[in-house]
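Structure record follows, encoded as structure tokens.
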Amino acid sequence: MSKRRSKFDIRVTEDRMELLLSGRVRAEELDDVWPEIEEKLRGLGVTSAESMQTIANALRDAVREGGLLRDRVLLSGVPPVPPKEGQIEWSRDYFSTDFVVDAKTGAIDYRRRVGDPSVEDGELLASVTEPEEGQCGSDVFGKEIPPPKMAPFHVRIGSNVRVEQAESITHYFATVGGRVRWASNTLAVDNVYTVQGDVGLSSGDIDHPGALAIRGDVLAGSRVRAGGDIEVAGLVEDAVIEAGGSLDVSGGITGGAECKIRVAGGVKARFIQEAEIETDGDVVVVNAITNTCVKTRGKVIVVKGRLIGGQVMARGGIEVAEAGSNALVSTLIVTGEDFRLDGEIAPLREEIKQKESLLSELRETVNPMIK
């Protein structure tokens, strides 16, 4: 045996996916030191004959190169194959909140959106690729590594939508002309009810199961409810509005003490003043939000204006040119917090209390019997 005996160190990475050798193993000594290597490997927990053979082959290749080895990979695990999540591909842009820009002048038209939710009967709305399960991997010890959990993805079918299945792709079509709505993973096409003028004393309050288009204003004291989107060409005054979709107000929301807006989608307006808004989508405003309470699970975006007074809570973040006022008007801004969380947790806490009370009663009954 050579006087310069082989010296080496074998270790497994923290993630258990690679077995590494550092040091020097001389080619002429490989057969002599292999029993020592085997012993180290068994001490680490590598015992299968297949793994031993793989390591031996890798070691032979390494010693042929000669020189000092540094973290030479002798054995690798098999990483798990991640799942393929379900994907929805829209046939065109229905929902973009961007404004139309004149290609020649660069002027922004704040009355026109890039997204157009209007659809025709029979139009293809979207195609959904079904999710695929991942595959397990294994570490250098042969222990199974499960793939990452697949994020749930499911499209709920709302009104006026037809489904066609083609192998692993599902196609969704409109069965009526109307406005496409996508909220809370529900795809629907709403019949559009158009109010030619203002909503007020003359029209009465409105409750419509589909989408609603108001060509005038929503006057103070009015109540408007729609199962889909609501589009207002004018102003929203001190009124109550509920929508299963989004609210788009071209002229802005002037608000008041009784102005309460609850929508499942987003809110778009030129300005918002003295209102109370709760929504799951983004709140996009052109000019300013003033003395308003906004609570959203999406973002608050004030395109080129200010956020003054009131309270804004946005889980998705806030983008604004200027916040607060030199006049020391109190403005509270909260990001990254879900305003619905407490309400969702409260029933669970109550359920826990009930179960703890039941458990206590069972113990009082069982303990004497055990004794």
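What follows draws every value from the coordinates through simple rules; no lab data is involved. Keep in mind it's a predicted model, so treat the numbers as computed, not measured. Here the Cβ positions follow ideal geometry from the backbone for every residue, glycine too, while neighbour counts run over all protein chains shown.
The separation of segment 303-371 from segment 109-173, counted between C-alpha centres, amounts to 30 Å. What base-10 log of the normalised intensity I(q)/I(0) is obtained for the chain from the Debye formula, alpha carbons as equal point scatterers, at q = 0.07, 0.10, 0.13, 0.15 Å⁻¹? Relative scattering, expressed as log10 I(q)/I(0), comes to -0.58, -0.80, -1.03, -1.25. For the Cα atoms of the chain, what angle does the longest principal axis make with the long axis of helix 341-370, in degrees from 0 to 90, nearest 10? Helix 341-370 and the main axis of the chain meet at about 60 degrees.
Loop only per DSSP, at most 15 neighbouring Cβ atoms within 10 Å: give me the trypsin sites (Lys or Arg not before Pro) in segment 240-348, ordered by residue number. It would help to have the intermediate numbers written out before the result.
Working: sites: K260, R262, K268, R270, K295, R297, K299, K304, R306, R315, R340; in loops: R297, R315, R340.
Sites meeting the loop and neighbour criteria: R340.
Run through the DSSP bridge list for segment 250-371 and note the antiparallel percent, rounded to the nearest 5. So the antiparallel bridges amount to about 0 percent of the total. When +1 charges are put on Lys and Arg Cβ atoms and -1 charges on Asp and Glu Cβ atoms, the dipole computed for the chain relative to its Cα centre reaches about 1120 debye. Relative to the compact-globule estimate of 2.2 N^0.38 Å, the Cα radius of gyration of segment 316-371 comes out at 2.34.
Under 12 Å from the Cβ of N291, count the other residues' Cβ atoms, weight Lys and Arg +1, Asp and Glu -1, and hand me the total. List each step's numbers first, then the result.
Numbers: positive: R306; negative: E274, E276.
Result for the neighbourhood of N291: -1.
Note on segment 57-79 and segment 4-40: Cα centroid distance 9 Å, given to the nearest whole angstrom. With a cut-off of 14 Å between beta carbons, the residues surrounding I370 carry a summed charge of +1, where Lys and Arg count +1 and Asp and Glu -1. Counted by Cβ distance under 9 Å from G77, the other residues give a net charge of -1, where Lys and Arg count +1 and Asp and Glu count -1.
Of the GluC sites (Glu not before Pro) found in segment 263-369, the ones in coil according to DSSP and having at most 13 other Cβ atoms within 10 Å of their Cβ are E337.
Please compute the length gained on full extension between Q311 and F339, using 0.36 nm multiplied by the number of residues separating them and subtracting their Cα-Cα distance.
8.9 nm
Taking GluC sites (Glu not before Pro) across segment 91-132, the ones in a DSSP loop with at most 13 further Cβ atoms lying within 10 angstrom of their Cβ are E120.
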